[in-house]
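Please read the structure below before turning to the comments.
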Amino acid sequence: MLDDQRLSALDDGALARRITEAGRAPDSAAESELYRRLAPRVRLYGLRHLRDRHGAADLVQSVLLMTLERLRAGRIREPERIGSFVLGSCRMTVLEMRRGTRRREALLETFGDVTATFESSEPGLLDGDRLARCLEALSERERSVVVLTFFADRNADDVGAELSISSGNVRVIRHRALSRLRACVDVGEGAP
Amino acid sequence: MIGTHPMPLATLIGYWLGELSAADEAALEEHFFGCEECTTQLEGVVSLAAGVREAVSDGSIGMFVSTAFVDAMKAAGLRLREYRLEPGGSVNCTIGADDDAVVSRIMAPLAGVERLDIERISSAGDVQSRVTDVPFDANSGEVVMIPPPRELKAMSAFTLELRLIAVHESQERDVGRYTFNHAPS
């Protein structure tokens, strides 16, 4: 327990340094902690650039297993800048995935199915009924902007063109609507 | 904006929707990969987006949308039943058990209209409710309405009259009336 507390107090770079210093006798606690922190960032990057849940999950495995392997082998020159290294790996891997040259099978062949060693929970889903009530509580225009935006991830220019309003106006309505939605959903989550 | 910590919510939403310049996007990602707080914030945006998709797909909400949105619903595999009404028109309509939504395309002369309200009129001619500032497409002269599908499926037969009203400052002008004769399928 004490060790867990000490690990959570370390920044990402210090954790990465600790994994490198452990070398081929893996510091599994430090590796798990780093994986737990970085997995959501890689997943979000994958969702943003691939727009695909399974692709994002593959990206998490591919990038983080490769990162841990390199840390163990001392092949990352500046462990203190682990965030930049992981981002660069994400960019390269997404390019490879788009070209179809990176396959999950190839990853498992390289690293084995060791993913069960590390845990990283996906963000929980919102209460659907609660969110529906909060959406209904918005004005018609706010609700239209929110659903047009997030059903197919459309930007303000596209939504504005569809509703005959300016993109600046869409951003203002979107920001106001999301603030109201978050407040409404948060109240629901806090309710007994 | 990009250099601030934590990232403003509006910036993270802009990133998620691909609205940032390439330079701003790269700077945001550099920051994001070292920022647990920003990760939590962006996860909140992504969860909300997933929740909105779910609410649309499972028919929990009604809404006014666009033709492009209807196309996106079809592309997502949703089964839609569509009706089109001209001013003064009426339609016999329903929603089937297999339908995910009913789309009502209400045609109207909307050129130059700044604000559009819709009144719901009872069979006795009384105004039951009024919705203000309804989104519309002035170019195509169309209001695309999707009533809440789950609610609609549970309803017995009814007649609904809608009155479209163009509003300019304190003046109002009738744009058209439309009658829906709904029967359960």
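Can you find even one residue in segment B:11-20 that is over 19 Å from A:THR149 (Cβ atoms), outside the structural domain of B:GLU142 (by TED's automatic domain parsing) and surrounded by fewer than 20 Cβ atoms within 10 Å (Cβ to Cβ)?
No; the residues of segment B:11-20 include none that is over 19 Å from A:THR149 (Cβ atoms), outside the structural domain of B:GLU142 (by TED's automatic domain parsing) and surrounded by fewer than 20 Cβ atoms within 10 Å (Cβ to Cβ).
I'd like to verify a number: residues in segment B:78-94 that are of a type in the set (D, E, K, R) and in contact with an Asp or Glu (Cβ under 8 Å, 6 or more places away or on another chain), how many?
2
Does segment A:127-181 hold any residues that are under 22 Å from B:GLY112 (Cα atoms) and more than 9 Å from chain B (Cβ to nearest Cβ), and which are they?
A:GLU142, A:GLY160, A:SER166, A:GLY168, A:ASN169, A:VAL170, A:ILE173 - these are the residues of segment A:127-181 that are under 22 Å from B:GLY112 (Cα atoms) and more than 9 Å from chain B (Cβ to nearest Cβ).
List every residue pair whose Cβ atoms lie under 9 Å apart, where the two residues are 6 or more positions apart in sequence or sit on different chains, the first residue falls within segment B:148-166 and is on the phi > 0 side of the Ramachandran plot, and the second residue, located anywhere, is part of a loop (DSSP other than H, G, I, E, B).
Correct list of pairs: empty, since none qualify.
Are there helices (runs of 4 or more DSSP H) fully within segment A:121-192 with at least 1 residues that are at pLDDT below 95 and surrounded by fewer than 16 Cβ atoms within 10 Å (Cβ to Cβ)? List them.
A:128-136, A:167-190
Given the structure, is B:ARG130 part of a strand (DSSP E or B), away from chain A (no Cβ under 13 Å), touching a strand residue (DSSP E or B) at 6+ places or on another chain (Cβ under 9 Å) and not polar (S, T, N, Q)?
Taking the combined requirement at face value, the residue does not satisfy it.
Could you count how many residues in segment A:65-86 are within 12 Å of chain B (Cβ to nearest Cβ) and crowded, with 18+ Cβ neighbours inside 10 Å?
Of all residues in segment A:65-86, those within 12 Å of chain B (Cβ to nearest Cβ) come to A:67, A:80-86.
Now drop any that are not crowded, with 18+ Cβ neighbours inside 10 Å, which leaves A:67, A:82-83, A:85-86.
Summing the residues that are within 12 Å of chain B (Cβ to nearest Cβ) and crowded, with 18+ Cβ neighbours inside 10 Å in segment A:65-86 gives 5.
Give just the number: which of (1) in a strand (DSSP E or B); (2) in contact (Cβ under 8 Å) with a residue 24 or more places away in the chain does B:PRO135 not satisfy?
(1)
Out of the residues in segment A:13-51 meeting the condition of being farther than 19 Å from A:SER62 by Cα and charged (D, E, K, R), tell me which one is farthest from the other protein chains (Cβ to nearest Cβ).
Looking at residues that are farther than 19 Å from A:SER62 by Cα and charged (D, E, K, R), I get A:ARG24.
Here's the yes/no breakdown for (1) touching a Leu at 6+ places or on another chain (Cβ under 6 Å); (2) polar (S, T, N, Q); (3) not assigned by TED's automatic domain parsing to the domain that holds B:GLU114:
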| site | (1), (2), (3) |
| --- | --- |
| B:SER129 | no, yes, no |
| B:VAL134 | yes, no, no |
| B:ASN139 | no, yes, no |
| B:VAL144 | no, no, no |
| B:GLU151 | no, no, no |
| B:THR159 | no, yes, no |
| B:GLU169 | no, no, no |
| B:ARG173 | no, no, no |
| B:GLY176 | yes, no, no |
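With respect to A:LEU59, determine if the residue is closer than 24 Å to B:GLU19 by Cα and either surrounded by 16 or more Cβ atoms within 10 Å (Cβ to Cβ) or over 19 Å from the mean Cα position of the chain (by Cα) (or both).
So A:LEU59 fits the description; yes.
Please find, among B:ALA108, B:ALA101, the residue that is touching a helix residue (DSSP H, G or I) at 6+ places or on another chain (Cβ under 6 Å), buried (at least 19 other Cβ atoms within 10 Å of the Cβ) and not β-branched (Val, Ile, Thr).
Checking each option against the conditions leaves just B:ALA101.
Name the pairs whose Cβ atoms lie under 9 Å apart, with the first residue in segment A:145-167 and outside the structural domain of A:LEU178 (by TED's automatic domain parsing), the second among the hydrophobic types (A, V, I, L, M, F, W, C), and 6 or more positions between them or separate chains?
Partner pairs satisfying both residue conditions: none exist.
For (1) aromatic (Phe, Trp, Tyr); (2) touching a residue at least 40 places away in the same chain (Cβ under 8 Å); (3) surrounded by 13 or more Cβ atoms within 10 Å (Cβ to Cβ), each residue gets a yes or a no:
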{"position": "B:VAL65", "(1), (2), (3)": "no, yes, yes"}
{"position": "B:ALA68", "(1), (2), (3)": "no, no, yes"}
{"position": "B:ASP71", "(1), (2), (3)": "no, no, no"}
{"position": "B:LEU80", "(1), (2), (3)": "no, no, yes"}
{"position": "B:GLY88", "(1), (2), (3)": "no, yes, no"}
{"position": "B:ASP117", "(1), (2), (3)": "no, yes, yes"}
{"position": "B:ILE121", "(1), (2), (3)": "no, yes, yes"}
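The values are calculated or read from the model by the stated rules, or taken from the named source; none is laboratory data. If you're wondering where the values come from, they're calculated on a predicted model, not measured in any experiment. We place every Cβ from the backbone using ideal geometry, glycine too, and count neighbours over all the protein chains shown.
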